[in-house]
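The values are calculated or read from the model by the stated rules, or taken from the named source; none is laboratory data. Bear in mind the structure is a predicted one, so any value in this text is a computation, not a measurement. Here the Cβ positions follow ideal geometry from the backbone for every residue, glycine too, while neighbour counts run over all protein chains shown. Please note that ligands, DNA and RNA were not included when accessible areas were found on the heavy atoms of the full protein model with its side chains. Shrake-Rupley method; radii C 1.70, N 1.55, O 1.52, S 1.80 Å.
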Amino acid sequence: MVSELWNTRPQVATTGTCCLVGVIFQQTLFIANVGDYCVGGVAAIQLSPEHNANLEGVRQELRELHPYDPQIVVLKHGVWRVKGIIQVNKLEESFNVINSRTRPLAAYLFTKDNKFKEQFVKKVSAGGLLINDTSLHLVVYTLPFGGVGDSGMGAYHGKFSFHAFTHRKAVLYRGFTGDSSLRYPPYTDRKQKCMKALVAGDVPDVQFWL
């Protein structure tokens, strides 16, 4: 649609992510899931005004959410567009960009640098991480699948599903020997001083008050 109408109707522009494809027409953003192609077409739906980058308030919000990229929204062919890729000066800055937002359900990294892989795994907080591919961790039953923070709670897959949907009842058995009167009232000055020495790790003082 875009390639056919671009020359005659330049107000049409495209935007998208790895999962979505969209068209801006007459200041309205229409968006569809790329997976819809599998059923023979794209079913576009009109989003609410808060997704329209032609509104100054929306552009300002995007700039505040992406302080590392002053060009997060750009004006091309008379239409404001949201950049699909955020540019950083150093690779390490990408960690700050990711961690400045709500925690994603998954984060992906493509690199041959082993040191950078280790930094990515150590510093990025996400429901799951995948190096040099996308989505494959979803089908590995030995790995837990789930989010963190806003992207979800808990995890499932294989044994992780069992732990997620069952309650492990805590039971503790103990005897009466070796109990101390320090635990029970009345809490005299002697007991309190002994407890303070115990908490402070002052063993000689504890022995004195005992």
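Accessible surface computed residue by residue for the stretch 125-198, with neighbouring protein chains in place and a 1.4 Å probe, gives 80 Å² per residue. Of the chymotrypsin sites (Phe, Trp or Tyr not before Pro) found in the stretch 105-182, those in coil by DSSP whose Cβ has at most 14 other Cβ atoms within 10 Å are Phe110, Tyr141, Phe165, Tyr173, Phe176. In this label model, Asn52 and Tyr141 are separated by 4.9 nm, measuring between points 7 Å along each Cα→Cβ vector.
Across all C-alpha atoms in the stretch 68-201, the radius of gyration and Dmax reach 25.8, 83 Å.
What do you get for trypsin sites (Lys or Arg not before Pro) in the stretch 95-186 restricted to DSSP loop and a cutoff of at most 16 other Cβ within 10 Å of the site's Cβ?
Working: sites: Arg101, Lys112, Lys115, Lys117, Lys122, Lys123, Lys159, Arg168, Lys169, Arg174, Arg183; in loops: Arg101, Lys112, Arg168, Lys169, Arg174.
When the trypsin sites (Lys or Arg not before Pro) of the stretch 95-186 are filtered for loop state and at most 16 Cβ neighbours within 10 Å, Arg101, Lys112, Arg168, Lys169, Arg174 remain.
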